[in-house]
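Before any comments, here is the structure.
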Amino acid sequence: MSNTVVITGANRGIGLSFAQLYLARGYTVYAACRSASAELSGSGAKVIEGVDVGTDAGVKKLDDALQGVSIDLLINNAGILHNESLGQLNLDTIRAQFETNTLAPLRITDKLSDRLADNAKVALITSRMGSITDNTSGGRYGYRMSKAALNAAGMSLACDLKPRGIAVAILHPGLVGTEMIGGHGDITPDQAAERLVARIDELNLDNSGTFWHSNGQQLPW
């Protein structure tokens, strides 16, 4: 029987690359997204559409589709990015980023926790922009704060899931050329996914709850 992975935000970018990579490894892949791309639809993944992770209805859609499924790996990948600066704050976009980037991974992990197999793994795709130590340029208020809060949630999840043998990875993909940042990046989504999967492969209860760059560097909080 193959291992099972659930991936959110799987229709494009790193999420799609995750799906393709795990399919090539022989996993059963449940790929959640708001609307499937042609690439995802033709990939062989079990696509769950209508999943806007920032909404009650989207999380329910995912929960309903995964009833009775034993999950070996949950990758909370879906995220959004807006730009706010001092003097031009937009509280609506800041709240939206908290809903999608912070609360969604937490509520999805909580909702699916009874379906996580013993010794399963949970991966949170965060950002080094959530590092307080690394912030030397300011701005991006909603994104930075939502990712810092996600990192804090990841540490708590690592503690709470450890008795079941479940490890939690808190992972920064690098500067990836995705649509979210206008396609400008140092690495491609495929390269990012390959590096992130290597970090997930290395994940265990001893390094659970630590904050990693996809290149293997441990990042400061």
Practice problem: Take Ala120 and decide whether it is closer than 23 Å to His172 by Cβ and assigned to a strand (DSSP E or B). | Solution: yes
Quiz prompt | Index of the failed condition, Ala117 passing every other in (1) out of contact with any strand residue (DSSP E or B) (no Cβ under 9 Å at 6 or more places or on another chain); (2) surrounded by fewer than 17 Cβ atoms within 10 Å (Cβ to Cβ) | solution = (1)
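Residues checked against (1) more than 17 Å from Ala192 (Cβ to Cβ); (2) in a loop (DSSP other than H, G, I, E, B); (3) at pLDDT below 95; (4) touching a Gly at 6+ places or on another chain (Cβ under 9 Å):
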position	(1), (2), (3), (4)
Gly26	yes, yes, no, no
Val29	yes, no, no, yes
Arg34	yes, yes, no, yes
Glu39	no, no, no, no
Ser43	yes, yes, no, no
Val47	yes, no, no, no
Asp52	yes, yes, no, yes
Ala57	yes, no, no, yes
Lys61	yes, no, no, yes
Exercise. For residues that are in contact (Cβ under 8 Å) with a residue 40 or more places away in the chain, farther than 15 Å from Gly9 by Cβ and of a type outside the set (Lys, Arg), tally how many sit in region 106-121.
Key: 8
Self-check item: Qualifying positions in region 133-159 - touching a residue at least 60 places away in the same chain (Cβ under 8 Å) and more than 21 Å from Thr109 (Cα to Cα)
Solution: Thr133, Asp134, Gly142
Exercise. Scan region 133-180 residue by residue and report those that are assigned to a helix (DSSP H, G or I), charged (D, E, K, R) and surrounded by fewer than 17 Cβ atoms within 10 Å (Cβ to Cβ).
Key: Asp160, Lys162, Arg164, Glu179
Self-check item: Among (1) out of contact with any Leu (no Cβ under 9 Å at 6 or more places or on another chain); (2) of a type outside the set (D, E, K, R); (3) surrounded by fewer than 21 Cβ atoms within 10 Å (Cβ to Cβ); (4) in a helix (DSSP H, G or I), the one test that Gly68 misses
Solution: (4)
Practice problem: Out of the residues in region 73-106 that are among the charged types (D, E, K, R) and either crowded, with 19+ Cβ neighbours inside 10 Å or closer than 17 Å to Ala148 by Cβ (or both), state the one that is nearest to the chain's Cα centre (by Cα). | Solution: Glu99
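The values are calculated or read from the model by the stated rules, or taken from the named source; none is laboratory data. Keep in mind that this is a model prediction, so the values were computed, not measured. Heads up, the Cβs are rebuilt from the backbone with ideal geometry, glycines too, and the neighbour counts pull from every protein chain shown.
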